[in-house]
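Below: one structure, written as structure tokens.
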Amino acid sequence: MSVFSPDSSFANTIYRYSRIIHAAKLTLALLIAVLINAIWPLPHFIWSMVTIVIIMLGLPQVGGALEKSLQRAIGTCVGSVCGVLLTAVFHNYWQLMGQLALAVGLICYIGKGRYSYAYLVTGFTIIIVVGDANHDTTEAIWRTANILLGCVIAVAVSLLVLPIKAKQDWRQQLAQAFIGLAGVLGKHLAVGEAGCSDNRIELEKVMKAILAQKKLFFSLEWESRTLRRHKVLLKQLAQEQIRLVTLLEIISQTRWRDDEYPSYAKINQLALSLLPTLSAMADYIIGDIDNLPPLPAQMGMTLHQQLLASLDEQEQHQFALTGYTWLLYQFAATVETLYAQVGQLGLVSRA
């Protein structure tokens, strides 16, 4: 099955009610922790519940929960070991607290990038373990065990109970971006009088959809082996969408004189041929159609030649008109690139 094959009705229902389901899953995870503590009372049990809330509260997708759980588990283990060693080696209050401050400062210095959350967890775990320097290592070990238990519960509930997939959200955001781009371009081309169309709000919505896609990349890598192998292509796909937004922003602010309007109207009429391609890609991404319709060979260059041919010899020497056709050509060429990237992803099997 393709990455863009239609999802089952059950999966679509989960996505449609993902906020309600996610809230219910968080509640269930907390109740499981409470039940475990009721059967086997654990010292410092509250840290299991704190861990569940930290991992699950803002990450409904399975991939996000997996990655955050792993980072928290690693950070907890490393921070616990460091905290226990500090407690065991330094018995003087000022020495222990001085070394604690130095350790957390070092973690702050080196903690950045994709695994910054693991560094964060390491830092505050050391502080939790050392505490006020008035307890032994047994308390530190129990705190660590409870945090790890919370990680296990959070991952198990995320994976096994109505799993919410990041890929569904990514597909919806990608389709929304194409629908938004088509809407902005169509609105601009349909302007009935000389001037420029104000599409800032629509373009902002498209950018939000693109940023939402980028935020899902890490979750997608954890959920899908297929998309993990094509993570470079996912990033390129986002960059090309940003390029279209940039071009549309310039195109939308294009101004022309009344005596040039008939020429612009002819150009816009030709540029309308780009809209069906954007709409077809959106339909394919969300699974409404099984295959992408074939794209005309050298669509961008062909459109550019048609645009120039629509101008008479005098108009071809006007910078405003030829510059406008060049922008539309760049837009068409970028759509071609996006079409190829979506087609490449559609050919790989779902995993």
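The values are calculated or read from the model by the stated rules, or taken from the named source; none is laboratory data. Because the structure is a prediction, the values reported are computed rather than measured. So basically every Cβ, Gly included, is an ideal-geometry build from the backbone, and we count neighbours across all protein chains shown. Remember, those area values only see protein heavy atoms, side chains included, never the ligands or the DNA or RNA. Shrake-Rupley method; radii C 1.70, N 1.55, O 1.52, S 1.80 Å.
Select from region 20-36 the residues that are among the β-branched types (V, I, T) and either within 17 Å of R143 (Cα to Cα) or open to solvent by less than 80 Å² (accessible area, probe 1.4 Å) (or both) and write down the one among them that is nearest to the chain's Cα centre (by Cα).
I21
Among the numbered conditions (1) over 24 Å from L328 (Cα atoms); (2) of a type in the set (A, V, I, L, M, F, W, C); (3) not in a helix (DSSP H, G or I), tell me where L234 comes up short.
Just one mismatch for L234, condition (3).
If you go through region 37-62, how many residues are part of a helix (DSSP H, G or I) and either over 15 Å from C151 (Cβ atoms) or open to solvent by 40 Å² or more (accessible area, probe 1.4 Å) (or both)?
9
Are there any pairs, at least 6 apart or on different chains, whose C-beta atoms fall under 7 Å, with the first in region 284-309 and under 29 Å from Q176 (Cβ atoms) and the second open to solvent by less than 80 Å² (accessible area, probe 1.4 Å) and among the polar types (S, T, N, Q), and if so, which?
I286/Q172; G287/S5; L295/T277; P296/T302; L303/S273; H304/T325; L307/T325
Among R255, R225, R243, R229, which is open to solvent by 20 Å² or more (accessible area, probe 1.4 Å), under 22 Å from L274 (Cβ atoms) and modelled with pLDDT under 90?
Checking each option against the conditions leaves just R255.
Could you list, in sequence order, all residues of region 203-215 that are of a type in the set (A, V, I, L, M, F, W, C) and open to solvent by 10 Å² or more (accessible area, probe 1.4 Å)?
L203, M207, L211, A212
Could you identify the single residue in A166, A190 that is of a type in the set (G, A, S), open to solvent by 20 Å² or more (accessible area, probe 1.4 Å) and over 20 Å from I242 (Cβ atoms)?
Just a single option satisfies the conditions, and that option is A190.
Inside region 74-168, counting only helices (runs of 4 or more DSSP H) that do not spill past its ends, which hold 2 or more residues that are within 28 Å of the chain's Cα centre (by Cα), of a type in the set (A, V, I, L, M) and closer than 30 Å to T13 by Cβ?
Per the criteria, 137-160.
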